[in-house]
């Protein structure tokens with residue numbers, strides 16, 4: 001400002017202008033001097049105001065982290081090396097040059113991994129992801145204060161990837177987190193991810209909520225054929241990396257509004273700013289049901305649904321909803337009057353945007369309750385009421401009931417404890433049939449209790465590899481309305497051409513009942 005005044009004063013002394021001209025210059029200069037600070041203040045925030053906002057946001061981060069971090073734990077899992085994995089590695093190694101084949105010898109006998117979790121009850125009950133605990137023979141958790149306790153799985157739900165770990169021999173006064181209301185979360189809101197990425201205990205990262213209600217249509221995560229059926233992700237830019245799974249996603253009130261679950265990596269191992277968390281309201285529903293029933297009790301309509309993304313919307317008279325492609329007889333839907341071709345646009349006073357959202361709404365509706373449902377039929381809106389029933393177990397992928405309906409038999413893994421029972425030598429490995437469903441395709445194919453399944457397209461030396469294969473079969477059967485699977489089986493004591501191959505018809509359980 002002083003420099004501009006100097007320019008005006010020099011002009012005054014070096015010219016012979018008239019008094020009027022000089023006065024005009026002085027007025028112009030004064031006006032400029034007045035407007036410059038005003039315009040500067042208008043176009044650019046004052047530094048002290050920006051610093052105050054930054055400190056306030058920073059303090060919010062600090063307070064939220066200090067509130068939640070004492071109840072965040074690092075979970076450690078351990079098990080014997082999966083020999084099915086080792087065999088697959090061996091197949092790959094055999095294709096390598098001979099000098100590299102000794103790599104198989106350096107594979108460790110035991111596997112270990114690490115994830116995160118949060119204490120939700122003072123006696124050491126921990127909420128985490130199922131995939132953090134899955135397959136572990138030994139589990140332990142390290143607290144923020146350095147103490148470490150062994151733990152046991154207290155409940156799990158593979159269909160939402162939620163699980164509970166109960167710490168052993170710990171005091172009953174541990175710090176806990178508060179589960180917030182994820183439905184109230186807004187896109188653009190600041191959130192914090194806390195956990196142990198890459199074994200860096202107690203790490204925190206910040207970001208915003210990028211989107212809500214990301215479903216299977218948006219996030220095609222199959223988790224290597226895991227039973228992840230119910231997806232309703234919060235998408236966030238907060239950095240989530242390996243080891244963050246099961247840790248909390250926190251709002252600035254210090255409330256847990258999500259359970260960090262997965263990331264979109266595009267083939268890398270690092271965070272790309274696209275992370276996903278399970279909403280706290282879904283986690284709360286699962287936890288409460290696990291603690292009350294030992295398993296998750298889910299609501300059921302009895303319909304097959306699809307979205308309208310690939311349909312001509314004007315044919316239904318609505319721009320969004322869930323299209324009913326099949327109504328099963330004797331179900332809540334058929335009793336309520338729902339029909340194939342109806343489009344559900346509202347369920348229990350919630351607008352329905354598509355099939356996955358409707359599925360999540362229905363499953364979390366209390367069994368036995370009667371709720372309003374709005375549908376479009378022949379371009380006219382109808383209001384109905386439907387009484388929700390419990391989802392049958394045989395429709396849940398991976399349950400014993402589902403396996404029996406899908407394959408026509410039940411199995412268990414052949415172990416040292418039961419080899420004598422079935423008459424197989426110590427070197428035998430696989431899954432053994434324990435029961436044949438009367439009238440099933442398995443019975444017609446000549447399978448018997450005690451038959452040892454050696455492979456289904458690929459070797460099945462243990463129950464995990466068997467479950468992986470029947471999961472793939474189920475997906476193919478649902479798409480093609482039935483397929484033929486080829487099984488290699490052995491039969492203890494049999495000499496007439498065993499092991500042998502057997503063809504077995506496999507049908508979608510939903511169509512079998």
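Once the Cβ-Cβ distance between residue 383 and residue 293 is put in as r, and R0 is 30 Å, what FRET efficiency do you end up with, to the nearest 0.05?
0.40
Compute the Cα gyration tensor for the range 299-391, then decide on rounded, prolate or oblate, letting a ≥ b ≥ c be the square roots of its eigenvalues: rounded whenever a/c is under 1.5, prolate when a/b is larger than b/c in the other cases, and oblate in all that remain.
Prolate, because a/c is 1.5 or more and a/b exceeds b/c.
With a point put 7 Å past each Cα toward its Cβ, work out how far residue 421 is from residue 339 in nm, to one decimal.
5.3
What does the C-alpha gyration tensor say about the overall shape of the range 423-494? Classify as rounded when a/c is under 1.5, otherwise prolate if a/b is larger than b/c, or oblate.
Note, shape of the range 423-494 comes out oblate.
If R0 is 25 Å, what FRET efficiency do you get for residue 502 and residue 110 from their C-beta distance, rounded to 0.05?
For residue 502 and residue 110, the calculated efficiency is 0.10.
Counting other C-beta atoms within 10 Å, which of 389, 443, 168 has the fewest, and how do the rest follow?
Fewest-to-most ranking of 389, 443, 168: 168, 443, 389.
Among 415-425, 458-468, what's the highest-first ranking by average C-beta atoms within 10 angstrom per residue?
Those peptides, ordered most packed to least, come out 458-468, 415-425.
I'd like the FRET efficiency for residue 152 and residue 319, computed as 1/(1 + (r/R0)^6) with the beta carbon distance as r and R0 of 56 Å, rounded to 0.05.
That pair, residue 152 with residue 319, gives E of 0.70.
What list do you get for 378, 123 if you sort them by fewest beta carbons within 10 Å?
Going from least to most buried by this count: 378, 123.
Taking the beta-carbon count within 10 Å as an exposure proxy, list 118, 229, 282 from fewest neighbours to most.
229, 282, 118
With contacts defined as alpha carbon pairs under 8 Å and 6 or more residues apart, what's the relative contact order of the range 299-391 in percent?
33
Mind checking the full-extension length gain between residue 211 and residue 475? Use 0.36 nm per residue of separation minus the Cα-Cα distance, one decimal, nm.
In short, 92.2 nm is gained.
Each value in this text was obtained by applying a stated rule to the coordinates, not by laboratory testing. The model shown is predicted, which means the values in this text are computed figures rather than measured ones. Don't worry about glycine lacking a Cβ; one is built from the backbone with ideal geometry, like all the others, and counts go over all protein chains shown.
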